[in-house]
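What follows draws every value from the coordinates through simple rules; no lab data is involved. Since we're looking at a predicted model, the values are computed, not measured. With ideal geometry, Cβ positions are generated from the backbone for all residues, glycine too; neighbour counts draw on all protein chains shown.
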Amino acid sequence: MSNSFMDEALAEARSAGERGEVPIGAVVVLDGAIVGRGGNRTREKNDITAHAEIEAIRAASGRLGQERLTGADLYVTLEPCAMCAAAISFARIRRVYYGAEDPKGGGVDHGGRFYAQPTCHHAPDVYSGISEGEAAAILRQFFRERREDD
């Protein structure tokens, strides 16, 4: 299944990989338009919070001049971790569409399942498996190349 917004998130993931970052990308969409985009920048910024989702949320919030993104959707190439799931909730993102599952580090459908917790104040609708094969292939290739370089 292909989706033009997920295609944009995949492009952000590829760009992150080219920078030497783990290739994860995200875009925030509001009223049919991309209002924020981001790829992992944890190494570049020496900031462990600079995950793709948070970068895209920061960009959207800055562009719109507001901390809450009510009515916005987030497309991300990998299942969000617990930190990103919390940021998505706090930003009041309406829907999350993600590509590949992350059984080890995911916080939405794996691990702590952030949105299923009674302490979660806002749970977006979540749709998984969007361009899953391509998202997973980008990650596999990135880590394969890292192992070969060792």
> Amide H of C81: which non-local residues (sequence gap of 5 or more, or other chain) have their own amide H closer than 5 Å, using H built in the peptide plane?
Replying inline: G107
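If Rh is defined by the Kirkwood formula over all Cα pairs and Rg also comes from Cα, what ratio Rg/Rh do you get for region 79-150?
Details: Rg = 13.9 Å, Rh = 13.1 Å.
That ratio equals 1.07.
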> Suppose every K and R has +1 on its Cβ and every D and E has -1 on its Cβ; what is the size of the dipole of the chain about the Cα centre, in Debye to the nearest 20?
Replying inline: 400
> Tell me, what ³J(HN,Hα) does each residue in region 3-19 have, in order and in whole Hz, if you take phi through Karplus 6.51 cos²θ - 1.76 cosθ + 1.60 with θ = phi - 60° and put x for Gly and Pro?
Replying inline: 8, 4, 6, 5, 4, 5, 5, 5, 5, 5, 5, 4, 4, 4, x, 5, 7
> Residue separation times 0.36 nm, minus the C-alpha to C-alpha distance between A136 and H110: what's the value?
Replying inline: 7.7 nm
>> Charges on Cβ only, +1 for Lys and Arg, -1 for Asp and Glu, centred on the Cα centroid of the chain; of S15, T77, G36, which one is farthest towards the dipole's positive end?
In response: G36
> Dividing the Cα convex hull volume of region 16-99 by residue count, how many Å³ per residue is that?
Replying inline: 84
>> Please list 3J(HN,Hα) in residue order for region 98-106, calculated via the Karplus relation 6.51 cos²θ - 1.76 cosθ + 1.60 where θ = phi - 60°; whole Hz, with x for glycine and proline.
In response: 10, x, 7, 6, 10, x, 7, x, x
>> Test of understanding: what is the full-extension gain from I48 to E145, defined as 0.36 nm times their sequence separation minus their Cα-Cα distance?
In response: 32.7 nm
